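Below: one structure, written as C-alpha cells.
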Amino acid sequence: MSGFGGDLLAAVCGGGVASRSHSLLHVAEIPARGGEPVGWPDWVHPDLLGALAGRGIAAPWSHQVEAADLAHAGRDVVISTGTASGKSLAYQLPVLDALARDPRGRALYLSPTKALGHDQLRSIAELAGQTPTLADIVATSYDGDTSPEIRRFARERSRWLFSNPDMVHLSL
C-alpha cells in the first residue's frame, strides 16, 4: 500500500501489519472508480427536484441514490466516501423529502463538530429557501454557542435542528 493512507496505516500499526498479535489482519486497497450518474428516485418530492436542478445538480451519483433509497425505506445506512463525494445529498434527500411531505415532521442532525454542523446547516438553509414546501423548516443550530432565545425558538419552531452529541447530552 503506497501513499498517505498506506503510510498512515503503517504508522498506526507500528510499522508492520503482523508486528503485534492484536494488529490488523487484512488490508485491501480498492482503486478509485469514476462516479456513475443515475436518475432521481421516484419518491423525491417534485419541489425538491426543482430546487436541486436550480443548484445545478442535474443527476445524482449511483452511491447517493443507493444510500438515499435505503434511508428512505427506513434502513440503517453507513456511507464512507472521500471528501466532496456527495455523502450529504445521500442523507439530505430522504430527510428533505419527508419534511416536504409532512408539515409536522421534524429532523435532528447530529454532527461530531460544530464546523461540520454549521456547514450542513448553511447548505440546508439555502436549499430549503429555494423549495416552496420547505420554506418553513427553519433549520437552526442548537449548540453551545446558541443563545437561550434561539434555543427556545429552535425547540418551538425549527423543523430541523443541527446539534452535536455533547449538546444533546447537556439538554436532556
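The values are calculated or read from the model by the stated rules, or taken from the named source; none is laboratory data. What you see is a predicted model, and the numbers here were worked out from it, not measured in a lab. Here the Cβ positions follow ideal geometry from the backbone for every residue, glycine too, while neighbour counts run over all protein chains shown. Keep in mind that these areas ignore ligands, DNA and RNA; they rest on the heavy atoms of the full protein, side chains included. Shrake-Rupley method; radii C 1.70, N 1.55, O 1.52, S 1.80 Å.
Which option, (1) 1.06; (2) 0.97; (3) 1.19, is the value of Rg/Rh (Cα atoms, Kirkwood Rh) that was calculated from these coordinates? Structure-derived value, by its label: (1). The local environment of His63, defined by Cβ-Cβ distances under 14 Å, has a net charge of -1 under the rule Lys, Arg +1 and Asp, Glu -1.
With 0.36 nm allotted per residue and the present C-alpha distance subtracted, the Ala125-Asp166 stretch has 12.5 nm of extension available.
For the range 84-108, the residues whose backbone nitrogen is under 13 Å from a point 7 Å from the Cα of Val38, taken along Cα to Cβ, are 90. Pairs of Cα atoms nearer than 8 Å and 6+ residues apart set the relative contact order; for the chain it is 18 percent. Counted residue by residue at 0.36 nm each, then reduced by the alpha carbon distance between them, the extension gain from Ala98 to Arg152 reaches 17.1 nm. Result for the chain in a Gaussian network model with C-alpha springs under 10 Å: among Leu161, Leu25, Leu134, the largest mean-square fluctuation is at Leu25. Of all the options Gly129, Gly34, Gly50, the one that moves most in a Gaussian network model of the chain with Cα springs shorter than 10 angstrom is Gly34.
The accessible surface of the chain, taken with every protein chain in place and a 1.4 Å probe, is 57 percent carbon and sulfur.
What translational diffusion coefficient, in µm²/s and rounded to a whole number, does the Stokes-Einstein relation yield for the range 58-111 at 10 °C and a viscosity of 1.306 mPa s, taking the hydrodynamic radius as the Kirkwood radius over Cα pairs? D, rounded to a whole number, is 134 µm²/s.
Rounded to the nearest 10 degrees, what's the angle between the helix 148-157 long axis and the longest principal axis of the chain, both from Cα atoms, 0 to 90? Here the helix axis deviates by roughly 80 degrees. Distance from the Cα centroid of the range 34-110 to that of the range 127-147 is 17 Å (rounded to whole angstrom).
Using only side-chain charges placed at the Cβ, +1 for Lys and Arg and -1 for Asp and Glu, the dipole size of the chain relative to its Cα centre rounds to 320 debye. Considering only Arg33, Arg106, Arg155, the mean-square fluctuation computed in a Gaussian network model of the chain, springs between alpha carbons under 10 angstrom, is largest for Arg33. In plain terms, the chain from Ala73 to Ala59 could stretch by 3.0 nm, reckoned as 0.36 nm per residue minus the Cα-Cα distance. The amide H of Tyr109, built 1.01 Å from its N in the peptide plane, has Leu161, Phe162, Ser163 as neighbours under 5 Å, considering only residues 5 or more places off or on other chains. Using the 1.4 Å probe convention, the accessible area of the chain works out to 63 Å² per residue with neighbouring protein chains retained.
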